[in-house]
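So that we are looking at the same thing, I have put the structure below in structure tokens.
The values are calculated or read from the model by the stated rules, or taken from the named source; none is laboratory data. These numbers were taken from a predicted model, which means no experiment stands behind them. Cβ coordinates were reconstructed from backbone atoms using ideal geometry, including for glycine residues, and neighbour counts include every protein chain displayed. The accessibility values were calculated without ligands, DNA or RNA, using every heavy atom of the protein model including side chains. Shrake-Rupley method; radii C 1.70, N 1.55, O 1.52, S 1.80 Å.
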Amino acid sequence: AYVLLPVAIALLFSVFCTALATDRMLLRPLRQLSDRTGAITEGNPKTCPALRYRHSEIARLAEQINRLASHMESTTVELARERYLLRQIIDHVDEHVYVKDKHHRFTLVKSTLASRLGNTDPIGKTDYDFALKQNAEEYWQEEVVIMETGEPMLDVERFLPVGSGLTAKDQWYEITKL
């Protein structure tokens, strides 16, 4: 029994060292990789530090994840700059500009058009919230055709009377929908 005790202790020590090495060389790096990719997926690549490893497979994976995070950061900055420039163009052209999603809800509205629609924020709303029902139905059908065919509606003249809910006076408009 006393002879087996040193062998059992040596075996337990070996298992402990293997578990420690596995944790240090494989499990911990994988947890860090998981944390880093999670931060990238959530759009926060800066919340986790860059990864550095010596082991070849994990090192290559960490390098790819670091490149992805760097690319995402530069893309995010460029996208913000382009969004700012687009907003500047929209707000300074002499037209009523708006964008709708596939459910016909306003997702972007030029500030002067938004003020014309009333004192409420038009984002997330549809023409039914602002125009008369028959006008809103007409606009909806036009947009369905545009979305289904991909063909724009170009330079269509439309008369909007005071009672349309969209204008304070009788007015003719030239409308283009893309």
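Across segment 118-129, which residue is most open to solvent (accessible area, probe 1.4 Å) among those that are in contact with a helix residue (DSSP H, G or I) (Cβ under 8 Å, 6 or more places away or on another chain) and within 22 Å of GLN171 (Cα to Cα)?
TYR128
Filtering segment 66-114 down to residues that are open to solvent by 60 Å² or more (accessible area, probe 1.4 Å) and assigned to a loop (DSSP other than H, G, I, E, B), which residue is farthest from ALA136 (Cα to Cα)?
The qualifying residue farthest from ALA136 (Cα to Cα) is ASP94.
Could you tell me which numbered condition GLN64 fails, if it satisfies all but one of (1) closer than 28 Å to VAL145 by Cα; (2) over 18 Å from the mean Cα position of the chain (by Cα)?
All conditions pass for GLN64, except number (1).
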